[in-house]
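The values are calculated or read from the model by the stated rules, or taken from the named source; none is laboratory data. Note that the structure is predicted; figures quoted are calculated from it, not measured. All Cβ positions, glycine included, derive from the backbone under ideal geometry; neighbour counts span all protein chains shown. Quick note on the areas: whole protein, heavy atoms, side chains included, nothing else; ligands and nucleic acids left out. Shrake-Rupley method; radii C 1.70, N 1.55, O 1.52, S 1.80 Å.
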Amino acid sequence: MINCIAIDDEPLALDLLEDNIKQVPYLNLVGTCSNAIDALQVLKEQNVELVFLDIQMPGLTGLQFIQSLPVKPMFILVTAYEKFALEGFNLDVVDYLVKPVSLDRFIKACNKASELYELKKGRSAGVSGNDDYFFINADYSLVKVVYSNIIWIEELKDYIKIHLKDSNKPIVTRLAMKSVEDQLPETMFIRIHKSYIVSKNYITAVKKSSVFLVNTIELPVGENYKDRIDEMVNKK
């Protein structure tokens, strides 16, 4: 179960949010708040892993609330305004929902949070026993992924594909690329494009705008990632 709270200064919106949360079996609502100040107290008293948060509220806004926290749970923003989406995602929120929110869209956002939660939990479990692998939520189970078995990781909209050395079938899961990147050892992996992360061990050649992997796989290098490639190639 994921412990969560809901924060919205509009009573009807807060009631609707509470009703939606109760429709999701893996969510445990531990509190509701009409402002961010009250929510600070709840976070001190409860182990909260996910926050459903409005943006435009009196006093402390939702975005200011996120920025004020030294240790941040996961956030799903639920707001009537589209204009804050970029700023919200820059704060690494899980999802950004614009009111009115349909139940299926709400559940989709919750599923993203659940998969991120399981990934973090699996990573923690891996570190405590063996730092060579992590677990990822795929095919309705937690799948063990060994770092040395990963050739490259590919992003496809809301999904990622993890291509493995010992399998012709990649692991597919709904997760943000940034969430996976945070789990990978920097010594073993490098992001070469907004849509690609590759294992350094499987790089066979580098060109100006592409990287070659085993099995003659060629992937493009994004303009903003060329410095990373240069640093890797020129590292002594």
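Placing +1 on each Lys and Arg Cβ and -1 on each Asp and Glu Cβ, with no other charges, gives segment 168-236 a dipole about its Cα centre of roughly 100 debye.
The mean accessible area for residues of segment 1-85, using a 1.4 Å probe and ignoring ligands and nucleic acids, is 49 Å² per residue.
Toward the positive end of the charge dipole of the chain, with +1 on the Cβ of Lys and Arg and -1 on the Cβ of Asp and Glu, the farthest Cα among Asn215, Thr173, Tyr225 is that of Asn215.
If you line up the long axis of helix 103-129 against the longest principal axis of the chain, both from Cα atoms, how many degrees apart are they, to the nearest 10? Roughly 60 degrees, rounded to the nearest 10. The value for segment 33-120 of Rg(Cα) / (2.2 N^0.38 Å) is 1.04. Charge dipole of the chain (Cα centre as origin; +1 on each Lys and Arg Cβ, -1 on each Asp and Glu Cβ, all else neutral): 1060 debye, rounded to the nearest 20. In terms of distances greater than 32 angstrom between alpha carbons, the cross-link table entries Lys22/Lys194; Lys112/Lys235; Lys99/Lys194 yield Lys22/Lys194; Lys112/Lys235.
Please give me the summed charge of the neighbours of Ile192: other residues whose Cβ is under 9 Å from its Cβ, Lys and Arg +1, Asp and Glu -1. Overall, the nearby charge balance is +3.
Seen against the Cα atoms of the chain and their longest principal axis, helix 11-22 is set at about 50 degrees. Among beta bridges identified by DSSP and lying wholly in the chain, the antiparallel ones come to about 60 percent. Annotation: lysines with alpha-carbon distance below 18 angstrom to Lys165 (same-chain offsets under eight excluded): Lys144, Lys200.
Given R0 = 25 Å, the distance between the Cβ atoms of Tyr26 and Ser148 translates into a calculated FRET efficiency of 0.20. The helix-based estimate of mean residue ellipticity at 222 nm for the chain, built from -39,500 (n - 2.57) per DSSP H run of four or more residues and divided by its residue count, is -9500 deg cm²/dmol to the nearest 500. Surface composition of segment 39-109: carbon and sulfur make up 53 percent of the accessible area, probe 1.4 Å.
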